[in-house]
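Colleague: Next up is a structure, given as structure tokens.
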Amino acid sequence: MRRSCRAYSAKPVERGKIERCLEAARLAPSACNAQPWYFVVVDDPALKEAVAKATFSQIVGFNKFTLQAPVMIVITSEPQKLIPFVGSQLKGIPYRLLDIGITAEHFCLQAAEAGLGTCMIGWFNERKIKAALKLPGTRKVELLISLGYAAENRGHPQNHPGQKTAPKHRKSLERIRRYNI
Ligand SMILES: Cc1cc2nc3c(=O)[nH]c(=O)nc-3n(C[C@H](O)[C@H](O)[C@H](O)COP(=O)(O)O)c2cc1C
């Protein structure tokens, strides 16, 4: 099971494991098979710190935990291809963002399988990230994922036997589903 991890150990993440997560992300479905994603893996400590620092400020500090994560994944997109763009406009459905969300979850589920913790980060300063990573102006930063081994007693029970984890806060099934009319 995946859950957001906001406390990481300093243990570096093996690139082989990162590649497995990227492969799972690569295989994600997307509208018109547009695959609108590009992944920048930031595991260089100085660069990673610059990216982490772009996710919080003095006023909004809830993402400070990203400083601990040994890796940050930056998911960017190119301008949308014509057919999915027109489809999005006609249907009022943001296909590109759906695609990004699905690939990000593929990544995170594979990471959980590999014993790694992740947290999707949607609150960040795009300008700072683009400057730190020298990203071209056409690329849009869509979502970040912090990645690393969970700090002791903060990960999935599978990886930390005996540990108690907080219950997930979710709406009940009754509130979010119905069958037919
Ligand atoms: C699009 C998106 C953006 C998110 N952005 C942040 C974020 O900036 N900071 C953070 O701590 N968590 C962020 N989260 C994680 C959610 O808070 C978390 O998934 C939710 O509370 C449910 O908890 P769980 O992931 O442990 O099941 C984000 C999740 C999603 C899907």
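The values are calculated or read from the model by the stated rules, or taken from the named source; none is laboratory data. Predicted model, so just to flag it, every value in this text is computed and none were measured. Neighbour counts run over all protein chains shown; Cβ positions are idealised from the backbone, glycine included. Side chains included, ligands, DNA and RNA excluded: accessible areas come from the protein's heavy atoms. Shrake-Rupley method; radii C 1.70, N 1.55, O 1.52, S 1.80 Å.
Colleague: Excluding residues on the same chain fewer than 8 positions from Lys91, give the lysines whose Cα lies under 25 Å from its Cα.
Modeller: Within the straight-line limit of under 25 Å, Lys91 reaches these lysines: Lys81, Lys140.
Colleague: When the helices in the chain are scored as -39500 (n - 2.57) per DSSP H run of 4 or longer and the sum is shared across all residues, what 222 nm value do you end up with, to the nearest 500 deg cm²/dmol?
Modeller: Numbers: 6 runs with 62 residues, N = 181.
Value at 222 nm, helices only, nearest 500: -10000 deg cm²/dmol.
Colleague: May I pose another question? Once the mean 1/r over all distinct Cα pairs of the chain is inverted, what Kirkwood radius in angstroms do you read off?
Modeller: Numbers: mean 1/r = 0.0571 Å⁻¹.
About 17.5 Å, per the Kirkwood formula over Cα pairs.
Colleague: From the protein chains alone at 1.4 Å, what is the descending order of accessible area for Arg6, Arg170, largest first? List each step's numbers first, then the result.
Modeller: Details: Arg6 130, Arg170 160 Å².
Largest accessible area first, the residues go Arg170, Arg6.
Colleague: Check each of the GluC sites (Glu not before Pro) in segment 1-92 and keep only those in coil by DSSP with at most 13 other C-beta atoms within 10 angstrom; list them in order. Show your work: numbers first, answer last.
Modeller: Values: sites: Glu14, Glu19, Glu23, Glu49; in loops: Glu14.
Those satisfying the criteria are Glu14.
Colleague: How large is the accessible surface per residue of the chain, computed with a 1.4 Å probe and reported in Å² as a whole number? Before the final figure, lay out the partial values.
Modeller: On the way: 11040 Å² over 181 residues.
Computed with neighbouring chains in place, this is 61 Å² per residue.
Colleague: If you rank Met120, Met72 by how much accessible surface each has, with a 1.4 Å probe, what is the order from largest down?
Modeller: Details: Met120 75, Met72 0 Å².
Largest to smallest exposure gives the sequence Met120, Met72.
Colleague: Within the chain, what whole-number % of the accessible surface is contributed by carbon and sulfur, with the 1.4 Å probe and all protein chains included in the calculation? The partial results should precede the final answer.
Modeller: Details: 6260 of 11040 Å².
Percent of accessible area from carbon and sulfur atoms in the chain: 57.
Colleague: For Lys64 and Leu47, calculate 0.36 nm times their separation in residues minus their Cα-Cα distance, and state this gained length in nm to one decimal. Kindly include the intermediate steps, with their values, before the conclusion.
Modeller: Details: separation 17, 0.36 × 17 = 6.12 nm, distance 1.56 nm.
Full extension from Lys64 to Leu47 adds 4.6 nm.
Colleague: Taking just the alpha carbons, could you work out the radius of gyration and Dmax for segment 50-101, both in angstroms?
Modeller: Cα radius of gyration and Dmax of segment 50-101 are 16.0, 43 Å respectively.
Colleague: Please state the charge dipole magnitude for the chain, taken about the Cα centre, from unit charges on C-beta atoms (+1 on K and R, -1 on D and E), reported in debye and rounded to the nearest 20.
Modeller: Details: 28 positive and 14 negative charges, 119 e Å.
So the dipole magnitude of the chain works out to roughly 580 debye.
Colleague: Taking the Cα-to-Cβ direction at Leu98 and at Glu19 and moving 7 Å from each Cα, how far apart do the two end points lie in nm?
Modeller: 3.3 nm
Colleague: Expressed in nm to one decimal, what extension gain is obtained for the pair Asn33 and Lys168 from 0.36 nm per residue of sequence separation less their Cα-Cα distance?
Modeller: On the way: separation 135, 0.36 × 135 = 48.60 nm, distance 3.27 nm.
Answer, rounded to one decimal: 45.3 nm.
Colleague: Additional query: Go through Ile100, Ile59, Ile93 and list them by solvent-accessible area, largest first, probe radius 1.4 Å.
Modeller: Working: Ile100 5, Ile59 160, Ile93 65 Å².
Solvent-accessible surface, decreasing: Ile59, Ile93, Ile100.
Colleague: Anything over 18 Å Cα to Cα? Flag those among Lys11/Lys53; Lys48/Lys128; Lys53/Lys134, in the order listed. Before the final figure, lay out the partial values.
Modeller: Working: Lys11/Lys53 20 Å; Lys48/Lys128 12 Å; Lys53/Lys134 16 Å.
Beyond 18 Å: Lys11/Lys53.
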